[in-house]
Amino acid sequence: MKIVTWNVRGVCSPSKRYGMWKSIFDSQWDILCAVEHKEHAKSGSSLHHKQYHVFYAGVTGGPYSGVMLIVRDSLKLVMVQRDVHGRFLVVEVNYEGKQIWVVGIYGSNVARQRMDLWRCLNQVLRNGKLVFLLGDFRVLQGQDVTL
């Protein structure tokens with residue numbers, strides 16, 4: 001299974017959407033966690049493709065850009081949780097008979113919000129399943145440095 005995380009820095013323009021989908025098809029990715037998609041309310045419809053499920057989290061007019069999971073249709077999956085603040089998505093994928101949770105994260109650069117996100121995720125992920133955490137965790141080494 002090919003799983004990729006990508007900070008797409010917006011896919012609002014047709015050329016950026018085309019480039020993203022071309023990369024998905026050319027590389028035959030099964031799951032893409034795209035952060036900073038900046039599509040918000042129109043994301044689900046404008047980025048849907050018949051060979052992929054598109055799951056989206058983001059807040060229209062919010063101060064951040066959201067997370068999106070694009071999952072190949074051939075993988076059996078279920079949406080588990082979508083964060084109302086647009087910071088994470090959780091889907092359960094059945095791969096070779098194993099239940100795997102794929103979590104797409106777009107963390108905050110504000111320490112308190114980041115801690116709230118981790119507390120929430122800690123509760124969500126106490127299920128004993130195999131978990132893949134993907135995305136931009138926004139871990140800060142200091143006030144001015146993002147790792």
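The values are calculated or read from the model by the stated rules, or taken from the named source; none is laboratory data. Computed from a predicted structure; not experimentally measured. Cβ placement follows ideal geometry from the backbone for every residue including glycine, while neighbour counts extend to all protein chains displayed.
The figures follow:
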item: Failed condition for residue 105, given (1) at pLDDT below 85; (2) touching a helix residue (DSSP H, G or I) at 6+ places or on another chain (Cβ under 9 Å); result: (1)
item: Tabulated pairs, region 9-33, first within 22 Å of residue 131 (Cα to Cα), second in a loop (DSSP other than H, G, I, E, B), C-beta under 6 angstrom, 6+ apart or interchain; result: 29/2; 30/1; 30/2
item: The lone exception for residue 139 - which of (1) surrounded by 12 or more Cβ atoms within 10 Å (Cβ to Cβ); (2) touching a Ser or Thr at 6+ places or on another chain (Cβ under 8 Å); (3) modelled with pLDDT under 85 it fails; result: (1)
item: Contacts under 6 angstrom Cβ, first residue in region 74-89 being closer than 19 Å to residue 127 by Cβ, partner among the hydrophobic types (A, V, I, L, M, F, W, C) and assigned to a loop (DSSP other than H, G, I, E, B), 6 or more apart; result: none
item: Where residue 123 falls short, out of the listed (1) in contact with a strand residue (DSSP E or B) (Cβ under 9 Å, 6 or more places away or on another chain); (2) at pLDDT below 85; result: (1)
item: Criterion (surrounded by fewer than 16 Cβ atoms within 10 Å (Cβ to Cβ) and not aromatic (Phe, Trp, Tyr)) met by exactly one of 123, 81; result: 123
item: Region 3-32, residues that are on the phi < 0 side of the Ramachandran plot, among the basic types (Lys, Arg) and touching a Lys or Arg at 6+ places or on another chain (Cβ under 9 Å); result: 16
item: Selection from region 56-88 of residues that are at pLDDT 90 or above and in contact with a Cys (Cβ under 9 Å, 6 or more places away or on another chain); result: 69, 70
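Every residue, every condition in (1) out of contact with any His (no Cβ under 9 Å at 6 or more places or on another chain); (2) in a strand (DSSP E or B), yes or no:
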residue	(1), (2)
77	no, yes
85	yes, no
90	yes, yes
94	yes, yes
101	yes, yes
109	yes, no
115	yes, no
123	yes, no
